[in-house]
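Notes for the one structure printed next.
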Amino acid sequence: MDRRAMWAIAIKDIKAIRSSVQVWLPMILVPIVMCALIPGGMIYGVRRFGIEGMGNMGNMDSLAKLIDSLPPGSLRDTITSFDSPEKQVLYFVLNHLFVSFFLIIPLMLSSVITANSFAVEKERGTLETLLFSPVEIRTLFAGKVLSAFIPGMAVTFLCGLVYGIVVNVLAYPLFEELIFPTLNWAVLLLWTIPAVILFAIFINVIISAKVKGFQEAYQLSGLLVLPVLALVLGQALGALVLDTQWLLWGGAMVLALAMGMLGFISRHFDRNRLFESQVS
Amino acid sequence: MAPSPIIRLSKVSKSFKDVQAIKDLSFTVSKGEIVGLLGPNGAGKTTVVRLINGVIAADAGTVEIFGQSPLAESNSIRSRTGVLTESAGLYGHMTAKENLAFFARIYGVQDYPSRIDMLLQEFGLAEYKDRKAETFSTGMRKRLGIAKALIHRPDVLFLDEPTTGLDPEASRDLLGYIKELNARDGVTIVLATHLLRQVQELCHRFLFLHRGQLIESGTLRQLEDKYLKSFQVKVESDLKVEGPSYRGFPLQQVEPGVLIFTVETKSQVPELLRQILSEASVYSAEILGRDLETLYFNVRGNFRG
Ligand SMILES: Nc1ncnc2c1ncn2[C@@H]1O[C@H](COP(=O)(O)OP(=O)(O)O)[C@@H](O)[C@H]1O
Ligand SMILES: [Mg+2]
């Protein structure tokens, strides 16, 4: 693989994110809203008004009931060890429900970045120019993967950092200890999310290299969010606890799937196929 | 000594679904030539450029460039060819300089900062080097596209519709660059266009493509000899004549003082002029219908008939 060409493509595509508002706007807004405003607002509300006061706003009341029905395990043990319902609910939301939210952010971002970078190359005729050059298809794909993986991870870590600061600063007065990060978060940020990002990128590479228009690409890749939404729902209903083991195994499974897709990509896409499907 | 062909197509066919884009096409291009690949839109010019570069595969026949199949040896071949695609293929949000630097890395050019400066200078883009490509006029984009295609010093340059969308002045400038490139650096050039008039002077040889088939090829001179059975000579003169002919030459008077004679061979032209001069003045004389466009229509008329 030609590393110089690979990095040239990756860096070019990362820089190109700046000129595409539908990519950089969510990259900034999503972390602010999901990692600062929502958790911050929630902690503030619970501290200010208590669980009863929040009841009719955020359904905190039913959350408290949900905690009671959690399956036995370390999460339930930790939660029940807190002395007030406020702490119990906050801990449940902040260290349990938000785990699956964190999966959605990089999944969506890396999908949008990948789909967009292919779409722009197609639209401008630059993909055709690249296919005329001696750059190998796997080098081209590797550059594209890096250009989505690096920003995806950067946003993930940034989110984690912002989230950690907001949660610890705002929740400290209540808990009088730091509740973030737990081992769960470390596994999520360093193992599960990178695997999910790779998976999302590879799926999007396949979709983008198959379909002509990027509307289709966006729509198809939007479907990726569905399984994660199922996780969110499962967690919210208390049916599913994404504990450390779960995150480790889940990450390994997703990574295995991603590697399978990588194999498919390298077998399936050669220059002629790509040219005939992408260049009109 | 006939130079050895650098590109050779033999009996090449290519279909897209139900469209036969190229049919039984054979031709060669020699080192150092400027060959015009001519034909109307949809004739198959772009497809030919793609086939030679191995980005698409032929259904039948063989394509060779530098003595190899572009499909088997494609990467070593691609580093010896440069292509200006119809869209020019530039990154609009990047400056002229950034575009060239990017492609220099893609092509593995070592000394690229100096190469870029030189190309920007040569194509009259030096003062716009820090402007984004999306702000460029079509002419500037095509020039930058050619600079990009030359970044790695290719032996063969493919230009797909280089003058389409350019005003006459920009076209002339661009064709000037191309001519110089060929004369000075010996770059072999394959130029695909439907604008015959513009490339008539530039190309050494022409290939006429019609619905994916080669219907004629040759130099301007060869095509003239083959297709111009008679010549029309437009003469501006104060010659007074009556009737449809003058000393055996058929004649038309288009307006007072402007006469169009028909001669069978070019060698009759001096004789005709001498005759006129013996009894009147001649202010100007030119042979009509020698341009490529007229020849092309003759070729096509012949092909159909
Ligand atoms: N990728 C493609 N898919 C389907 N049809 C194509 C494709 N490329 C070219 N064609 C068809 O092949 C014919 C020749 O096209 P092209 O080589 O682009 O002609 P030209 O460049 O001379 O205008 C046209 O009828 C065109 O519609
Ligand atoms: Mg064309």
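The values are calculated or read from the model by the stated rules, or taken from the named source; none is laboratory data. Small disclaimer: the values here were computed from a predicted structure and weren't measured. Counting neighbours? That spans all protein chains shown, and the Cβs are built from the backbone with ideal geometry, glycine included. Heavy atoms of the whole protein, side chains included, go into the accessibility calculation; ligands, DNA and RNA do not. Shrake-Rupley method; radii C 1.70, N 1.55, O 1.52, S 1.80 Å.
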_Members of segment B:33-65 found to be more than 16 Å from ligand 2 (Cβ to nearest atom), open to solvent by less than 10 Å² (accessible area, probe 1.4 Å) and out of contact with any Cys (no Cβ under 6 Å at 6 or more places or on another chain), listed by number_ = B:54, B:65
*Search result, residues across segment B:170-224 that are of a type in the set (D, E, K, R) and either within 14 Å of chain A (Cβ to nearest Cβ) or within 16 Å of ligand 2 (Cβ to nearest atom) (or both)*: B:211
*Any hit, segment B:3-11, residues being surrounded by fewer than 22 Cβ atoms within 10 Å (Cβ to Cβ), more than 17 Å from residue B:188 (Cα to Cα) and within 14 Å of chain A (Cβ to nearest Cβ)*: no
*State all residues of segment B:105-125 that are open to solvent by less than 50 Å² (accessible area, probe 1.4 Å) and more than 27 Å from the chain's Cα centre (by Cα); if no residue qualifies, say none.*
B:106, B:108, B:109, B:112
*If you go through segment B:267-276 one residue at a time, do you hit one that is part of a loop (DSSP other than H, G, I, E, B) and either open to solvent by less than 30 Å² (accessible area, probe 1.4 Å) or closer than 19 Å to residue B:224 by Cα (or both)?*
yes
*asked:* Which numbered condition in (1) within 14 Å of chain B (Cβ to nearest Cβ); (2) assigned to a helix (DSSP H, G or I); (3) open to solvent by 40 Å² or more (accessible area, probe 1.4 Å) is the only one that residue A:260 fails?
replied: (1)
*Which residue out of A:241, A:228, A:279, A:254 is hydrophobic (A, V, I, L, M, F, W, C) and within 14 Å of chain B (Cβ to nearest Cβ)?*
A:279
*Only one of (1) in a strand (DSSP E or B); (2) open to solvent by 30 Å² or more (accessible area, probe 1.4 Å); (3) under 30 Å from residue B:42 (Cα atoms) is not met by residue B:222, so which one is it?*
(1)
*Taking segment B:280-294 as the search range and keeping residues that are closer than 17 Å to residue B:233 by Cβ and outside any strand (DSSP E or B), which one is most open to solvent (accessible area, probe 1.4 Å)?*
B:290
*With respect to residue B:217, determine if the residue is surrounded by 17 or more Cβ atoms within 10 Å (Cβ to Cβ) and in the same structural domain as residue B:202 (by TED's automatic domain parsing).*
yes
*Of the numbered conditions (1) more than 14 Å from ligand 2 (Cβ to nearest atom); (2) over 27 Å from residue B:183 (Cα atoms), residue B:68 satisfies every one except a single condition; which is it?*
(2)
_When you check residue A:48 against the structure, is it at negative phi, surrounded by fewer than 16 Cβ atoms within 10 Å (Cβ to Cβ), within 12 Å of chain B (Cβ to nearest Cβ) and part of a helix (DSSP H, G or I), yes or no?_
no
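For every residue, the table says whether it meets (1) open to solvent by 30 Å² or more (accessible area, probe 1.4 Å); (2) at pLDDT below 90; (3) not in a loop (DSSP other than H, G, I, E, B).
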| position | (1), (2), (3) |
| --- | --- |
| A:160 | no, no, yes |
| A:169 | yes, no, yes |
| A:185 | no, no, yes |
| A:191 | yes, no, yes |
| A:205 | no, no, yes |
| A:234 | no, yes, yes |
*Looking only at strands (runs of 3 or more DSSP E) that fall completely inside segment B:23-140, which ones have 3 or more residues that are at the interface with chain A (Cβ under 10 Å from one of its Cβ atoms)?*
B:81-84
_Testing residue B:249 on (1) open to solvent by less than 70 Å² (accessible area, probe 1.4 Å); (2) without any contact (Cβ under 8 Å) to a residue 24 or more places away in the chain; (3) of a type outside the set (Gly, Ala, Ser); (4) out of contact with any helix residue (DSSP H, G or I) (no Cβ under 7 Å at 6 or more places or on another chain), one condition comes back false. Which one is that?_
(4)
*In segment A:263-276, what residues are in a helix (DSSP H, G or I) and either farther than 18 Å from residue A:135 by Cα or more than 16 Å from ligand 1 (Cβ to nearest atom) (or both)?*
A:263, A:264, A:265, A:266, A:267, A:268
*Could you tell me whether segment B:154-163 includes any residue that is of a type outside the set (D, E, K, R), crowded, with 19+ Cβ neighbours inside 10 Å, within 16 Å of ligand 1 (Cβ to nearest atom) and within 13 Å of chain A (Cβ to nearest Cβ)?*
yes
*asked:* So the check is Cβ under 7 Å with 6+ separation or different chains; which pairs have a first residue in segment A:122-148 that's more than 10 Å from chain B (Cβ to nearest Cβ) and a second one that's in a helix (DSSP H, G or I) and among the small types (Gly, Ala, Ser)?
replied: A:138/A:266; A:144/A:117; A:146/A:10; A:147/A:10; A:147/A:117; A:148/A:110
